[in-house]
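The next block holds one structure in the form of structure tokens; read it before the comments.
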Amino acid sequence: MTGSILDITATGPDLDPAIHGAKACGLQVLMRAGLDVPPGFVISIEAATQMEQGEDPTSLGPALSRLVQGVDDPRLAVRSGAAVSLPGALETILGVAPGSINEAVRSVAASAGSSRATAIAAALGLDAVPPTAVVVQVQLDPTVDDLSGAGAAASRDLITGWRHATGSFAWGVSGDRVMAGEVPVAPLDEIDGRCPAVLSRLRSDLASLDHESGGPVEVEFVIASGKLWYLQFRQLAVSGVESSAVVPFGGAIIGRGRPAAAGSATGRLTTSVDEALEAIDLGHSVVLALVEASPADVEAMVGSAAVLTVLGGPECHAAVVARSAGVPAVVSVGGLGVGSDHIMLGGRRFDSGAELMVDGTTGTIVSATVAP
């Protein structure tokens, strides 16, 4: 099968998202820009689908041998890559030994048939989950020392469209956890204290990629022992919304977080996904507060009036889904504690059912019952 397995290189043939998936194409863009990308190869959508169905249309042996040659005790990252971006929908498997590669490829390809993938595709306005290519790369270790970590960054503000590098980063954790929104993250300035040259290079690279692409872009990246590597590239649409300092209905701001999805909405507070779904079915407006928003929560998120989270950054998968669905969201809310039937915020307790307003443009949370 011609082109079923291709090394991803700057000088190789042009990759096609309809054949090789958007992720592999993005990696090739990064390589052609002269940026450091872990070596890897892509299994085409057709070949990955056939492997998932139990066929063996072609051997991975030659590509795998080239990839791990000279690497001591190699561990591989096996990632999905459909023709369109599906944040958080499909599986990623890290730490794969070369001898387990076939099983990992089949598992990643099969994840296109999961209920999670179906829910996220629907939230993104897709009629069905497209099949996926599979990207295999040498895995970097963002936990190896105190100069290692992972993050995601955009060339422009995701809400206002202002041209400046913005993003989220965490030391000593893997990128999949950052993108899943399950760990505390900090803005990109966090990098400056340990690796100022890396932060300067990241900002410069983002500006260049934005210029060359003619619009906003986003990357996922790893810092391994003080060296910057890129793991993903995609072009973005940003809201371009002006921020406002107006506090609605005479209430008081009780909390602030990072703006993740523009717009504002009011609703009854709930901290339970199941209760949120019941209230949504009854036609109620719901503000859903969670410690973290997992892919399993997508149905409740997109049906809610607004979403709050303790963890995660504006680049995490849940925030991307909220923006796509037009649901205002604020993440990394400072001091937010989420209980089974209440939240603690601004030193006050708010029980389930309390009316809150969430402004995903400014990152503020307002209560009508607290005096300004």
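Details
- Pairing each residue of the range 345-372 that is under 20 Å from Gly312 (Cα atoms) with any residue that is basic (Lys, Arg), provided the two are 6+ apart or on different chains, yields C-beta distances under 9 Å for Gly360/Arg323; Thr362/Arg256; Gly363/Arg256; Gly363/Arg258; Thr364/Arg256; Ile365/Arg256.
- Enumeration of residues in the range 292-306 that are without any contact (Cβ under 8 Å) to a residue 40 or more places away in the chain, part of a helix (DSSP H, G or I) and either over 21 Å from Val185 (Cα atoms) or among the hydrophobic types (A, V, I, L, M, F, W, C) (or both): Ala300, Gly303
- Picking from residues in the range 311-337 that are part of a strand (DSSP E or B) and buried (at least 22 other Cβ atoms within 10 Å of the Cβ), the one that is nearest to the chain's Cα centre (by Cα) is Val331.
- Residue ranges of helices (runs of 4 or more DSSP H) in the range 27-140 with at least 1 members modelled with pLDDT of 95 or more: 45-52, 61-68, 101-110
Residue by residue, here is whether (1) surrounded by fewer than 17 Cβ atoms within 10 Å (Cβ to Cβ); (2) under 23 Å from the mean Cα position of the chain (by Cα) holds:
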| position | (1), (2) |
| --- | --- |
| Asp14 | yes, no |
| Ala22 | no, yes |
| Leu27 | no, yes |
| Leu30 | no, yes |
| Val37 | no, yes |
| Leu60 | no, no |
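- Yes/no for Arg203 being within 20 Å of Gly313 (Cα to Cα), basic (Lys, Arg) and either over 14 Å from the mean Cα position of the chain (by Cα) or outside any helix (DSSP H, G or I) (or both): yes
- Those residues of the range 360-372 which are part of a strand (DSSP E or B) and either among the aliphatic types (A, V, I, L, M) or in contact with a Pro (Cβ under 7 Å, 6 or more places away or on another chain) (or both), in sequence order: Ile365, Val366
- Here Ser44, Ser85 are screened, and the one residue that is closer than 30 Å to Val185 by Cβ, hydroxyl-bearing (Ser, Thr, Tyr) and crowded, with 17+ Cβ neighbours inside 10 Å is Ser85.
- Checked against the criteria, Ala279 does not count as among the aliphatic types (A, V, I, L, M), touching a residue at least 12 places away in the same chain (Cβ under 8 Å) and assigned by TED's automatic domain parsing to the domain that holds Ile254.
For (1) more than 20 Å from Val219 (Cβ to Cβ); (2) without any contact (Cβ under 8 Å) to a residue 60 or more places away in the chain; (3) surrounded by fewer than 22 Cβ atoms within 10 Å (Cβ to Cβ), each residue gets a yes or a no:
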{"site": "Ser65", "(1), (2), (3)": "yes, yes, yes"}
{"site": "Val68", "(1), (2), (3)": "yes, no, yes"}
{"site": "Ala89", "(1), (2), (3)": "no, no, no"}
{"site": "Ala128", "(1), (2), (3)": "yes, yes, yes"}
{"site": "Val134", "(1), (2), (3)": "yes, no, no"}
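- When the range 315-333 is filtered for residues that are among the small types (Gly, Ala, Ser) and at pLDDT below 95, the ones remaining, listed by number, are Ala318, Ala319, Ala322, Ser324, Ala325, Gly326.
- The set of residues in the range 280-296 that are surrounded by 17 or more Cβ atoms within 10 Å (Cβ to Cβ) and modelled with pLDDT under 90 comprises Ala293, Ser294, Pro295.
- Any hit, the range 338-352, residues being crowded, with 24+ Cβ neighbours inside 10 Å and outside any strand (DSSP E or B): no
- Residue count for the range 156-175, restricted to those that are surrounded by fewer than 18 Cβ atoms within 10 Å (Cβ to Cβ) and modelled with pLDDT under 95: 4.
The values are calculated or read from the model by the stated rules, or taken from the named source; none is laboratory data. These numbers come from a predicted model, not from an experiment. All Cβ positions, glycine included, derive from the backbone under ideal geometry; neighbour counts span all protein chains shown.
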